1. Does Ala186 fit the bill of being in contact (Cβ under 8 Å) with a residue 12 or more places away in the chain and in a helix (DSSP H, G or I)?
2. Can you name the number of the only condition in (1) surrounded by 15 or more Cβ atoms within 10 Å (Cβ to Cβ); (2) modelled with pLDDT of 95 or more that Pro272 fails?
3. Within the range 421-480, how many residues are small (Gly, Ala, Ser) and closer than 23 Å to Glu511 by Cα?
4. What do you reckon, is Leu191 of a type in the set (A, V, I, L, M, F, W, C), not assigned by TED's automatic domain parsing to the domain that holds Asp451 and not in a helix (DSSP H, G or I)?
5. Go through the range 507-541 and give me each residue that's buried (at least 18 other Cβ atoms within 10 Å of the Cβ) and in contact with a Phe, Trp or Tyr (Cβ under 6 Å, 6 or more places away or on another chain).
6. Mind counting the residues in the range 443-474 that are within 20 Å of Leu372 (Cα to Cα) and among the aromatic types (Phe, Trp, Tyr)?
7. Starting from residues that are part of a helix (DSSP H, G or I) and of a type in the set (Ser, Thr, Tyr), keep the ones in the range 40-86 and report whichever is surrounded by the most Cβ atoms within 10 Å (Cβ to Cβ).
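The values are calculated or read from the model by the stated rules, or taken from the named source; none is laboratory data. The structure displayed is predicted, hence computed values, not measured ones. FYI the Cβ positions are ideal-geometry reconstructions off the backbone, even for glycines, and counts take in every protein chain you see.
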Amino acid sequence: MNVLLENWDTPFGLPPFAAIRDEDFGPAFDEALARARTAIRAIAEGPGHSFADVIEALELAEGDLDRVSGVFYNLAGADSTDAREALMRDLAPKMSVFSSEVTNNKALWAKIEALWQGRDGLGLTAEQGRVLELYWQMFVRSGAALEGAAAERLTAVKARLAVLGTAFGQNLLADERSWHIELSAADLAALPGFVQDAARAAGAEKGRGPVVTLSRSLIVPFLQFSPNRSLRETAYAAWVARGANGGETDNRGIAAEILALRAERAALLGYPDFAAFKLEPEMAKTPAAVRDLLLRVWRPARAKALTDAAVLEAMLKADGLAGSLEPWDWRYYSEKRRKAEHDLDEAALKPYLGLEAMLGAMFDCSSRLFGLEFREIDGPFYHPDVRGWEVTRGGAHVAVFLGDYFARGSKRSGAWCSAMRGQRKLGGEVRPIVVNVCNFAKGDPCLLSYDDARTLFHEFGHALHQMLSDVTYGFISGTSVARDFVELPSQLYEHWLEVPAVLEAHARHHETGEPMPAEMLRRLLGAGTYDQGFATVEFVASAMVDLEFHTGTPPADPMQRQAEVLDALGMPTAIRMRHATPHFAHVFSSDGYSAGYYSYMWSEVMDADAFAAFEEAGDPFHPETAAKLERFILSAGGSEDAEALYLKFRGKMPEVEALLKGRGLLDAA
């Protein structure tokens, strides 16, 4: 037997990582796909036509495939190897073809369509009705109603898109992994101690002395603190050139082909463009609604950014430097300005934001809000850096939570939450195994920036959405919600990091154990909206480019179209997109956030309003409000329409002013 297909006699049903070899995955996928095909054929061709015979059977038909996939794709993103990357390339078209086989199965589609048309007479529960609706919608949007050449072409398009998305992500990882610049003794000495430690650790991984790499957790503080303008320019140029360096890892041609194929996919399904297709099931519904939100935020953000740019350029000239403020200057002078105006020095702040302290804060907040308890458990896990906790409530098992926090060459950039196993009740209670992955600079101890701490809380908000899920059907469990709703729990949880009592209790010096000085805490929270013009402009620019890429005729030259969109917006010259096209993995590594990068901001409108519910109650841990948040948001998954769930929690939908206020941009509007 293949270990991946055996019953795992392990604590909590965790994968037996120590026994799994890379060469196990290929045969396991082949067998799991074969079993899934057999199960689905039996559903389609069997005599049963009831909800249980069709929908519930489909829910369980891919159990082995889900289990193998849950392990493999987590490892492929967090701890890649040459063998795993090769298998990803091999699997991309195979998995796409399998998905198309399911949705193109006419006998199966006929049963689902009959259930949908007769749904009023089936006596379904509200949750079952929602699951049926989403299955029917998925099949329609996957082309189940297409015939002949159109159906065949859609299958080919989706398979090619899967191949291209995998290639895009692997090219980006290759560019990130291959570049570094060694630091001289003088350049190293000019940096704060925590950046020096991160540079030494990154160099040690490569068998070299101190280096700067393209990991965000290292290059951003380097750009903040290095006084060597020429070196900053060199590092910044490499950072923004990821995926656009020519040769085999260049992503520009891939992006163009992806956009053309997405437009063709939408046309085959009867939509005017891919944005219209993609946004139909989301809260925003239409490209016009997304554009309206982004422009309402863009105008005050741009005005604030231009005002800030003038201040920073004056600082640059005061240093005796000629020319204009450039993108590789912004973070350096912004950090100096923050220290001058808020007396807030990140190098002095970080000793109070150790990873251990912030994990304690993160767990404590979830305990006070939802009664969760965390007990650290032993591995082995898939990498020595990974840690695990059993999550309980009232003595009952809730979930297993894994944390993988440090940057390394085998890990793709960014931060994310995933589930190796999702929650469901159908077929017996199944509790989730949830993973948070980050890319913090490894140190002894690991000290976080305030932005790092926000990232920690953000991803744990996603984890809570998975861990507290309480639905019958895995199809709607956890984060299986509208894309512009999925960021609500994560962004909302960030607010608890801003609660003074949380930092007073947990932000303690890693050496002395002393709490953060009250004046430092006051300055930290007072600077909460500092530089939000910059942060908002770089985000909205990326979201607008994403939206315009997928609206109307796809561009033959995405880089030219990117330039046109930014020019029309009046992009400040000293700020670049947060994610330029060749390394815009959110949009091109898969279609998860394609025409959907705006969703972070759509969710932010809600998260600002949602936290206001606790403020109005006079207690950031108000029990009744926390209970409503769990019931209608965190545990509900996709069991109802996202807007309906939010209305049940809050009683009203928020306005964009809540976001502008939270970012300190209301006065600039």
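1. Numbers: in contact (Cβ under 8 Å) with a residue 12 or more places away in the chain: no; in a helix (DSSP H, G or I): yes.
It is false that Ala186 is in contact (Cβ under 8 Å) with a residue 12 or more places away in the chain and in a helix (DSSP H, G or I).
2. Going through (1) surrounded by 15 or more Cβ atoms within 10 Å (Cβ to Cβ); (2) modelled with pLDDT of 95 or more one by one, Pro272 breaks only (1).
3. Taking the range 421-480 and keeping what is small (Gly, Ala, Ser), we get 422, 427-428, 441, 443, 449, 453, 461, 463, 469, 474, 477-478, 480.
Retained after the next criterion (residues that are closer than 23 Å to Glu511 by Cα): 441, 443, 449, 453.
So the answer is 4.
4. Details: of a type in the set (A, V, I, L, M, F, W, C): yes; not assigned by TED's automatic domain parsing to the domain that holds Asp451: yes; not in a helix (DSSP H, G or I): yes.
Yes.
5. Ala507, Met516, Val540
6. 2
7. Keep residues of the range 40-86 that are part of a helix (DSSP H, G or I), which gives 40-45, 51-61, 63-78, 82-86.
Going one step further and asking which of them are of a type in the set (Ser, Thr, Tyr), we end up with 69, 73.
On the way: Ser69: 18, Tyr73: 16.
That would be Ser69.
Each row is one residue, and each column tells you yes or no for (1) within 19 Å of the chain's Cα centre (by Cα); (2) among the aliphatic types (A, V, I, L, M); (3) closer than 27 Å to Ala527 by Cβ.
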{"position": "Ser366", "(1), (2), (3)": "no, no, yes"}
{"position": "Leu372", "(1), (2), (3)": "no, yes, no"}
{"position": "Pro384", "(1), (2), (3)": "no, no, no"}
{"position": "Arg421", "(1), (2), (3)": "yes, no, no"}
{"position": "Gly427", "(1), (2), (3)": "no, no, no"}
{"position": "Val435", "(1), (2), (3)": "yes, yes, no"}
{"position": "Ala453", "(1), (2), (3)": "yes, yes, yes"}
